């Protein structure tokens, strides 16, 4: 290959092939970096979502417990009111019997 034109073309093709190979390597490296970054971001997002879910569950449990305590307080109040009403009814019945007996 003594022909300088052919030699020049072959050198240009070899240089182009090297540049193409380097560009491909850079693109693959960029793809790997992007995939790794996306994996990390996904893990972070999942961890944050799990933490928010746990906070929401804890808040729901606390709210449920407060509602349960409030319901129990109201039930105790209702039982007390019923006992007082029942006692008053018995008092009236006893007074009626005493009035009848007099």
> Shape of the chain from its Cα gyration tensor (a ≥ b ≥ c, root eigenvalues): rounded if a/c is under 1.5, otherwise prolate when a/b > b/c, or oblate?
Replying inline: prolate
> Using a Gaussian network for the chain with springs between C-alpha atoms less than 10 Å apart, which of these wobbles most: 47, 75, 56?
Replying inline: 75
> Given the options 36, 19, 62, which has the most mean-square fluctuation in a GNM of the chain, springs set between C-alpha atoms less than 10 angstrom apart?
Replying inline: 19
> If r is the Cβ-Cβ distance from residue 24 to residue 51 and R0 is 30 Å, what FRET efficiency results, to the nearest 0.05?
Replying inline: 0.15
>> Between region 45-66 and region 13-30, how far is it from one alpha carbon centroid to the other, in angstrom?
In response: 50 Å
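Coordinate-derived values only; no laboratory data. Since we're looking at a predicted model, the values are computed, not measured. Methodologically, a virtual Cβ is constructed for each residue, glycine included, from the backbone with ideal geometry; neighbour enumeration extends over all protein chains shown.
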